[in-house]
1. Name the pairs whose Cβ atoms lie under 8 Å apart, with the first residue in region 90-103 and within 14 Å of Phe45 (Cα to Cα), the second surrounded by fewer than 15 Cβ atoms within 10 Å (Cβ to Cβ), and 6 or more positions between them or separate chains?
2. Could you please let me know if Ala65 is closer than 30 Å to Gln194 by Cα, touching a residue at least 40 places away in the same chain (Cβ under 8 Å) and among the small types (Gly, Ala, Ser)?
3. Given Ser108, Ser73, which one is in a loop (DSSP other than H, G, I, E, B) and under 19 Å from Phe9 (Cα atoms)?
4. Using the structure shown, decide if Tyr30 is over 25 Å from Lys146 (Cβ atoms), modelled with pLDDT of 90 or more and surrounded by 13 or more Cβ atoms within 10 Å (Cβ to Cβ).
5. Inspect all residues belonging to region 24-36 and state whether any of them is more than 21 Å from the chain's Cα centre (by Cα) and more than 23 Å from Glu114 (Cβ to Cβ).
6. Restricted to region 121-143, and to residues that are exposed (fewer than 15 other Cβ atoms within 10 Å of the Cβ) and in contact (Cβ under 8 Å) with a residue 24 or more places away in the chain, which residue is nearest to Val16 (Cα to Cα)?
7. Counting just the residues of region 144-156 that are at pLDDT below 90 and either of a type in the set (Lys, Arg) or assigned to a helix (DSSP H, G or I) (or both), which one comes out surrounded by the most Cβ atoms within 10 Å (Cβ to Cβ)?
8. Checking Phe290 against (1) more than 27 Å from Thr189 (Cα to Cα); (2) at pLDDT 55 or above, only one condition comes out false. Which one?
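The values are calculated or read from the model by the stated rules, or taken from the named source; none is laboratory data. This one's a predicted model, so the numbers in the text were calculated from it and none came from an experiment. Glycine gets a Cβ as well: all are built from the backbone with ideal geometry, and neighbour counts include every protein chain shown.
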Amino acid sequence: MEQYAIMRFAKHKGCVGALEAHHERTKAKYASNPNINTERSKYNFHIIKSKTSYRKEVDSRIDAAGCRTRKDSVRYIDTIITASPIFFKDKSKEERRKFFETAVAFLSRKIGRENIFSAVVHLDEKTPHMHLGFVPITKDGRLSAKEIIGNRVQLTKWQDDFFKHMVKSFPDIERGESASRTGRKHIPTRVFKQAVKLTRQAAVITETLNSINPLNTGKKKEEILAMLNKFFPSMENFETQVKKYRRENTLLEKEKAALAEKAKAGEQLGIKESLNQSKLQSDYDILRRFVDSLPDEILQQAKLSQKTKYMER
């Protein structure tokens, strides 16, 4: 079984309060992520603990470096470090800690320890993983995620260097399949969660539609239109995401035919991304069928309402 070392970057421009709440587990419940077992959150641990709020940590580093910022400046990078679940299966508590400490040492050397303000390991989800937060400040004091993270070619170099660093301490680790080499783009979990949320909304709307009778027509239509006013903006955003990842996966149909051969060759990571793309497309098709099934009268009223709201902005 493959034991991949995994490192991904997520860029953030604005408020980091929601990320802090997630990373530091400050909420009692996490309805948006049912995979979190809060009873196990006590086993999470820090390799680098934020001295104050994430917002203050970010701002203080930018101010100290005298960086010039714009409204669209990337101020914070959330780096996710993990490995294939099988890698952690027989690892002791000390070995798991060493894995993440080794990753922190790699990032400290690459981006500067002074730019890292938090590194917290989560053991309360299915696969152990670490969120490492840093401010993308260059050696000459500029705020530039573009220069530090780079383009696809540079990201491949990042992954190569990460693997070379990790394999010294963990010889059983393998180099993951690069998105720049496969032509695929990793589909974030949030996109699938968005599909789940939309599907639930669609189910409630359908149930309300089915409950319409001559005595409650007016009231039920108002309820449905209110729900559609929330549904359509999210659906539009989801559709944009689907189109984006569809473009990134133009070879999907050809790959489907070759899945059996790929399995024999052990290219499990590529298969996973192909199946993820198939699932995303399937979710989208189901939601499109729901929209198409809406009565014309209600659909037109909902679209008119959306158009009016847009013009009033």
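1. Taking only residues 6 or more apart or on different chains, the pairs are Lys98/Ser169; Phe99/Ser169.
2. Working: closer than 30 Å to Gln194 by Cα: no; touching a residue at least 40 places away in the same chain (Cβ under 8 Å): yes; among the small types (Gly, Ala, Ser): yes.
When the stated conditions are applied, Ala65 does not pass them.
3. Ser73
4. When the stated conditions are applied, Tyr30 does not pass them.
5. From region 24-36, those more than 21 Å from the chain's Cα centre (by Cα) are 28; that's our starting set.
Now drop any that are not more than 23 Å from Glu114 (Cβ to Cβ), which leaves 28.
Among the residues of region 24-36, at least one is more than 21 Å from the chain's Cα centre (by Cα) and more than 23 Å from Glu114 (Cβ to Cβ), which makes the answer yes.
6. Initial filter on region 121-143 (exposed (fewer than 15 other Cβ atoms within 10 Å of the Cβ)): 126, 139-142.
Now drop any that are not in contact (Cβ under 8 Å) with a residue 24 or more places away in the chain, which leaves 126, 139, 141-142.
On the way: Lys126: 24, Lys139: 24, Gly141: 22, Arg142: 20 Å.
That would be Arg142.
7. Residue satisfying both the conditions and the ranking: Leu155.
8. The number of the failed condition is (1).
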